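The values are calculated or read from the model by the stated rules, or taken from the named source; none is laboratory data. The model shown is predicted, which means the values in this text are computed figures rather than measured ones. For neighbour counting, all protein chains shown are included, and Cβ atoms are generated from backbone atoms with ideal geometry for every residue, glycine included. The area values use the complete protein model at the heavy-atom level, side chains included, leaving out ligands, DNA and RNA. Shrake-Rupley method; radii C 1.70, N 1.55, O 1.52, S 1.80 Å.
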Amino acid sequence: HDTARSDVLHSIDTYCISRQWMMHCGPNKGDVLIKALRSSMLYKRALLSTSWDYTRNINDSSASSSISSSINNNDNNTRGQFIAVELGTYCGYASILMGRLMHQIRNATMDCHLFTTEIKPEYKQIATKMISMSGLDDIISVHQVRSCTTRSGTTTNNGYHNTNNYYDDTNTDIV
């Protein structure tokens, strides 16, 4: 599947270079995005791997017991989660880039999911197909959002406020 993910990204890059410019992050900005995501994921994985005994010995046992259960979900045989949110997926390029890394880093202690949004239905449809071709449907979900009307009455394509139905932003690791 890693080959399929790379092939989809390579095909998009080749199309953009040879035929039609597209507004996506591309390989250079993609490297910056992946470095930030990797850092955040490795930090979260380290938190999830922290042993209960280590946490319990930091302070008194009653306070650290609640801390350890929130940090180390392995005490009750559940896996921790790494949740990322992308606002505006366009053709799904950055989603596939991030999903590929999430697939590589997830392990026995951490599930990963990327919630991505798109305002334009035709872009959502394209992104969904690209994500499916890359084999990342289980890690990435694409959600349609509407444009918003501001207090002044102007319409904006900022769909952030409409994404609250899809994820709990108190548990989001990176946006």
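Sort out which residues of region 118-127 are touching a residue at least 24 places away in the same chain (Cβ under 8 Å) and either crowded, with 20+ Cβ neighbours inside 10 Å or part of a loop (DSSP other than H, G, I, E, B) (or both), and write them in order of number. Outline the logic, then answer.
Kept after step one, since they are touching a residue at least 24 places away in the same chain (Cβ under 8 Å), are these residues of region 118-127: 118-119, 123-124, 126-127.
If the condition is that a residue be touching a residue at least 24 places away in the same chain (Cβ under 8 Å) and either crowded, with 20+ Cβ neighbours inside 10 Å or part of a loop (DSSP other than H, G, I, E, B) (or both), then 118, 119, 124, 127 are the ones that fit.
Mind counting the residues in region 12-39 that are part of a helix (DSSP H, G or I) and open to solvent by 70 Å² or more (accessible area, probe 1.4 Å)?
Of the residues in region 12-39, the ones part of a helix (DSSP H, G or I) are 12-18, 26-39.
After this cut, where a residue has to be open to solvent by 70 Å² or more (accessible area, probe 1.4 Å) as well, the list is 15, 17-18, 27-29, 31-32, 35, 38-39.
The total comes to 11.
What pairs can you find where one residue is in region 90-117 and within 15 Å of residue 174 (Cβ to Cβ), the other is surrounded by fewer than 20 Cβ atoms within 10 Å (Cβ to Cβ) and among the aliphatic types (A, V, I, L, M), and their Cβ atoms are less than 6 Å apart, with a gap of 6+ or different chains?
Qualifying pairs under 6 Å: 101/34; 110/48; 113/83; 115/85; 117/87.
Which ones in region 7-24 are of a type in the set (Gly, Ala, Ser) and either closer than 18 Å to residue 89 by Cα or modelled with pLDDT of 80 or more (or both)? Steps first, answer last, please.
Of region 7-24, the ones of a type in the set (Gly, Ala, Ser) are 11, 18.
Residue satisfying the conditions is 11 alone.
Quick one: which residue in 162, 158 is in a helix (DSSP H, G or I) and at pLDDT below 90? I'd like the intermediate steps shown before the answer.
Numbers: 158 fails: in a helix (DSSP H, G or I).
Going through 162, 158 in turn, just one is in a helix (DSSP H, G or I) and at pLDDT below 90: 162.
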